[in-house]
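Here the structure is laid out as structure tokens; the discussion comes afterwards.
Every read-out reported here was derived from the displayed coordinates using simple, explicitly stated rules and does not represent laboratory data. Keep in mind the model is a prediction, meaning the values are calculated, not measured. We place every Cβ from the backbone using ideal geometry, glycine too, and count neighbours over all the protein chains shown.
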Amino acid sequence: MKERIQRLLEGLPEGIDGVLITSEVGRAYFTGMRSSAGTALLLKGAESYFIIDFRYIEKARRVVQDCQVILQGKLFEQLRELCVQHHVKKLAIESDYLTVSDYMRCKKSLPEVALVMETRVNQLMREMRAVKSPLELESIQAAQKITDDAFTHICGYIKAGMTDRQVAGELLDFTYRHGSEGPSFDYIVVSGKNSSMPHGVPTDKIIQPGDFITMDFGCKINGYCSDMTRTVAVGQVSEEQKRVYDIVLRANEAAIRAVREGVPCKAVDAAARELIAKEGYGDCFGHSTGHSVGLEIHESPAFSGLDETLCQPGMVITVEPGIYLDGRFGVRIEDMVCVTKEGCLDLTASTKELLVL
Ligand code: GLY
Ligand code: MN
Ligand code: MN
């Protein structure tokens with residue numbers, strides 16, 4: 001945490017004395033403390049502080065190593081005092097996270113300090129979080145291991161006659177029972193016609209023979225997320241379903257092959273998109289090929305046609321092309337990969353062969 005704080009402070013533009021950390025993800029990343037409340041004041045050339053209320057104080061004193069932990073009383077008076085003590089005139093805020101109303105409240109309550117929204121500071125925080133440390137990667141891999149095991153389990157569980165909601169509940173239950181801290185997002189389990197909605201929600205729809213079921217799920221370990229999608233068939237598959245599945249699988253593999261240090265993210269997106277377009281399904285793939293994953297399920301950079309960021313070793317990004325045929329069926333296959341010098345490490349172990357359950 002010390003190095004992270006130092007790197008952020010060294011990257012501050014001239015005239016900015018520190019950063020006010022108010023978000024859950026900012027607290028986790030810069031202090032190691034996972035809590036729904038708390039404020040960190042990171043100051044150039046001075047000690048850093050973490051102010052936290054009674055509910056979390058015991059944990060904070062144990063967990064937070066590189067900031068002085070202070071029990072929260074009147075938060076803004078405490079912040080004002082620290083700013084006066086350290087001659088702080090200008091603080092950057094986390095403008096990616098601070099709501100407008102909280103910003104207005106901070107501004108009113110700290111009249112002597114200019115709170116500034118610095119694009120460069122927020123960009124630096126995103127860049128720092130994009131490249132995972134070995135410990136962060138370990139947590140993501142541990143979360144993915146549970147997710148892969150959940151997929152194996154669910155393949156033996158799904159039967160025609162069950163509902164999408166039942167399958168989603170079983171996945172969630174399995175991940176909890178096997179060590180997950182919680183889901184990394186609301187699970188998507190959609191069968192038959194509902195599978196054409198990329199972000200559909202599980203319903204009481206009954207799974208029928210001949211349905212595709214798309215399951216998009218993940219869990220958290222040490223605050224870090226996993227994310228995977230598999231599409232499986234129940235009972236039987238048509239030739240068209242097989243063909244669409246094969247195209248999505250080839251797009252997924254083409255994109256994974258394109259990942260390497262120095263490759264622009266948009267080139268990875270293009271590898272999947274061009275293959276799908278060449279097969280005549282270009283209009284049926286309307287989302288980006290992938291996104292980074294970490295403390296949050298959607299982080300930067302993304303495998304998107306608009307993202308020119310160059311892949312760097314340690315980035316963990318999903319590869320999740322799909323084809324969605326309106327009102328009929330859809331297929332998505334999603335792996336998480338970690339960029340390396342020569343290519344990438346696929347963190348998802350589950351088979352991508354078309355399974356007919
Ligand atoms: N479940 C959200 C995603 O895969 O991006
Ligand atoms: Mn997903
Ligand atoms: Mn994803």
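Charge dipole of the chain (Cα centre as origin; +1 on each Lys and Arg Cβ, -1 on each Asp and Glu Cβ, all else neutral): 640 debye, rounded to the nearest 20.
Just rank E334, E253, fewest to most, by other beta-carbon atoms within 10 angstrom.
Placing the least packed residue first, the sequence is E253, E334.
Count Lys and Arg as plus one, Asp and Glu as minus one, and take only other residues whose Cβ is under 13 Å from that of N252; the net charge is then -2. Past 29 Å, Cα to Cα: identify those pairs from K44/K220; K44/K266; K44/K74; K44/K132, in the order given. With Cα atoms farther than 29 Å apart: K44/K220; K44/K266. Neighbour counts of C-beta atoms inside 10 Å place R27, R55 in the sequence R55, R27, starting with the fewest.
Against the chain, whose longest principal axis is taken from its Cα atoms, helix 100-109 shows a tilt of about 10°.
Where a Cα-Cα gap under 20 Å defines reach, which aspartates and glutamates qualify for K159, not counting those fewer than 8 residues away within the same chain? Excluding near neighbours in sequence, the set is D148, D149, E170, D173, D204, D211, D216, E353.
Within the same chain, aspartates and glutamates fewer than 8 places from K107 are excluded, and of the rest, those with a Cα less than 19 Å from its Cα are D17, E77, E81, E94, D96, E118. Each of A272, F285, P301 was placed along the dipole of the range 232-311 (beta-carbon charges, centred on the mean Cα), and the one lying farthest toward the positive end is A272. Structural descriptor for the chain: relative contact order 14 percent, calculated from alpha carbon pairs under 8 angstrom and at least 6 residues apart. Sorting S48, S23, S109, S133 by the number of Cβ atoms found within 10 Å of their own Cβ, with the fewest placed first, yields S133, S109, S23, S48.
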